Amino acid sequence: MDHKIAVISGDGIGPEIVTEACKVLDKVAEVYGHSFTYTPVLMGGASIDACGVPLTDEAVETTKQADAVLMGSIGGNTATSPWYQLPPDRRPEAGLLKLRKALNLFANVRPAYLYKELQEACPLKKEIIGEGFDMVIMRELTGGLYFGARETKEENGVLKAVDTLTYDENEIRRIAVRGFDIAMKRRKKVTSVDKANVLDSSRLWRKVVEDVAKDYPEVELEHMLVDNCAMQLVKDPAQFDVILTENMFGDILSDEASMVTGSIGMLSSASLNDTKFGLYEPSHGSAPDIAGQGIANPIATILSAAMMLRYSFDLDKEADAVETAVEQVLAEGYRTGDIYSEGCTKVGTVKMGDLIAEHIK
Ligand code: IPM
Ligand code: MG
């Protein structure tokens with residue numbers, strides 16, 4: 001079967017890592033008899049340079065015609081790149097937010113787990129790591145502070161800025177349902193994270209999540225305040241199975257969770273709507289400091305492509321094959337610089353992609 005994939009290479013290391021993910025997908029196509037058609041789409045700084053805006057309406061249309069979107073990363077160095085001299089709604093990140101909203105990608109799934117082979121890279125102490133940890137962050141992606149009304153104005157000679165955190169019960173319900181659904185396929189525990197001791201939006205969040213929980217009697221639900229969650233993630237990460245949270249908290253906690261695994265270059269993510277459609281991208285950013293050097297770790301993007309096979313195309317066997325190939329290559333001791341430890345073989349971006357493609361069986 002032919003699957004149409006819109007490909008957003010983006011900025012920084014984006015083009016390098018996406019090339020490797022497509023290489024692996026091509027190998028999957030060859031071994032399993034599928035065909036993947038790629039349509040390039042400009043977004044972020046690349047689109048600003050070519051079209052003057054971070055995402056054109058035509059580009060949005062192209063993604064809508066596809067079955068799924070594979071993305072690298074967008075954005076540049078915020079201190080030095082001319083993109084950040086532009087008004088906020090013309091900067092690279094605005095393209096990504098526009099796309100999330102246009103495609104209604106409200107459910108952002110970000111797995112964070114400790115690879116057995118990469119325990120050395122984990123910054124936590126051995127006694128905290130214990131038997132390892134494996135969690136998924138289910139982040140609401142099209143509401144909250146990111147999309148509420150905002151403005152900066154001057155009042156009586158004083159500059160004033162306001163951002164608005166809004167959620168309605170339907171937005172909370174649909175992401176909560178996703179969180180519980182995924183918990184049912186895992187260890188059946190949901191930690192709903194909020195700031196209900198201060199925020200109204202969090203009190204509504206808690207109420208709706210409790211309501212949704214009634215439909216999932218097998219799932220254990222706990223509530224946790226976001227500040228405590230930030231602490232618990234470094235104190236005892238193994239306690240978490242599914243973390244369910246709103247947009248901004250999820251942005252922050254997912255970076256923290258990926259850092260405690262010690263291998264942010266390994267973690268994939270999926271942004272889903274209520275159909276099979278999804279946008280798949282690594283959890284890490286565009287790493288402009290190492291762009292073009294051929295040293296970026298392509299594994300997070302390759303694993304994001306595996307999520308695409310599983311969630312958008314229902315190709316579970318093929319997704320397993322990609323994940324197994326990654327594990328085998330790691331087990332054989334190959335590492336990019338970010339996850340390198342003594343005694344391993346250091347390889348660059350292209351070689352890592354070649355090795356993983358070779359291991360697709
Ligand atoms: C992420 C990123 C984005 C976000 C930025 C690039 C707008 O940090 O996907 O986590 O804040 O959502
Ligand atoms: Mg982020």
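The values are calculated or read from the model by the stated rules, or taken from the named source; none is laboratory data. These figures come from a predicted structure and were not determined experimentally. Positions of Cβ are backbone-derived with ideal geometry, glycine not excepted, and every protein chain shown enters the neighbour counts.
Going through (1) at pLDDT 95 or above; (2) surrounded by fewer than 17 Cβ atoms within 10 Å (Cβ to Cβ) one by one, residue 342 falls short only on (1).
So, in the stretch 275-302, of the ones that are among the charged types (D, E, K, R) and at pLDDT 95 or above, which residue ends up farthest from ligand 2 (Cβ to nearest atom)?
Of the residues in the stretch 275-302, the ones among the charged types (D, E, K, R) are 276, 281, 289.
Those still in the list that are at pLDDT 95 or above too: 281, 289.
On the way: 281: 11, 289: 17 Å.
Only one residue fits best here, namely 289.
Report yes if some residue within the stretch 134-149 is loosely packed, with under 13 Cβ neighbours inside 10 Å and assigned to a helix (DSSP H, G or I); otherwise report no.
Within the stretch 134-149, the subset loosely packed, with under 13 Cβ neighbours inside 10 Å is 149.
Now narrow it down to the ones that are assigned to a helix (DSSP H, G or I): none.
No, the stretch 134-149 contains no residue that is loosely packed, with under 13 Cβ neighbours inside 10 Å and assigned to a helix (DSSP H, G or I).
Among the residues here, residue 196 qualifies as of a type in the set (A, V, I, L, M) and in a loop (DSSP other than H, G, I, E, B).
Look through 93, 151, 117 and report the one residue that is in the same structural domain as residue 304 (by TED's automatic domain parsing) and either modelled with pLDDT under 95 or not β-branched (Val, Ile, Thr) (or both). Quick ask: steps written out before the conclusion?
Working: 151 fails: in the same structural domain as residue 304 (by TED's automatic domain parsing); 117 fails: in the same structural domain as residue 304 (by TED's automatic domain parsing).
Testing whether each residue is in the same structural domain as residue 304 (by TED's automatic domain parsing) and either modelled with pLDDT under 95 or not β-branched (Val, Ile, Thr) (or both) leaves just 93.
Counting the residues of the stretch 47-72 that are buried (at least 22 other Cβ atoms within 10 Å of the Cβ) and over 15 Å from residue 98 (Cα atoms) gives 3.
Does residue 322 satisfy the criteria of being buried (at least 19 other Cβ atoms within 10 Å of the Cβ), away from ligand 1 (no atom under 16 Å from the Cβ) and assigned by TED's automatic domain parsing to the domain that holds residue 225?
Details: buried (at least 19 other Cβ atoms within 10 Å of the Cβ): yes; away from ligand 1 (no atom under 16 Å from the Cβ): yes; assigned by TED's automatic domain parsing to the domain that holds residue 225: no.
In short, no.
Within this structure, residue 305 passes the test of being touching a Cys at 6+ places or on another chain (Cβ under 9 Å), away from ligand 2 (no atom under 16 Å from the Cβ), touching a residue at least 40 places away in the same chain (Cβ under 8 Å) and part of a helix (DSSP H, G or I). With respect to residue 254, determine if the residue is within 16 Å of ligand 2 (Cβ to nearest atom) and in contact with a His (Cβ under 8 Å, 6 or more places away or on another chain). For residue 254, the condition - within 16 Å of ligand 2 (Cβ to nearest atom) and in contact with a His (Cβ under 8 Å, 6 or more places away or on another chain) - is not met. Listed conditions (1) part of a loop (DSSP other than H, G, I, E, B); (2) crowded, with 22+ Cβ neighbours inside 10 Å; (3) touching a Lys or Arg at 6+ places or on another chain (Cβ under 9 Å) are all met by residue 109, apart from (1). For the stretch 224-238, does any single residue satisfy the condition of being away from ligand 1 (no atom under 16 Å from the Cβ), without any contact (Cβ under 8 Å) to a residue 60 or more places away in the chain, of a type in the set (Val, Ile, Thr) and out of contact with any Leu (no Cβ under 6 Å at 6 or more places or on another chain)? No, because not a single residue in the stretch 224-238 is away from ligand 1 (no atom under 16 Å from the Cβ), without any contact (Cβ under 8 Å) to a residue 60 or more places away in the chain, of a type in the set (Val, Ile, Thr) and out of contact with any Leu (no Cβ under 6 Å at 6 or more places or on another chain). Among the residues of the stretch 255-269, write down those that are crowded, with 19+ Cβ neighbours inside 10 Å and either free of Cβ contacts under 8 Å to residues at least 24 places away in the same chain or within 12 Å of ligand 1 (Cβ to nearest atom) (or both). Matches in the stretch 255-269: 257, 258, 264, 267, 269. Take the residues of the stretch 257-267 that are more than 12 Å from ligand 2 (Cβ to nearest atom) and among the polar types (S, T, N, Q): which is nearest to residue 304 (Cα to Cα)? Across the stretch 257-267, the extreme among qualifying residues is 263.
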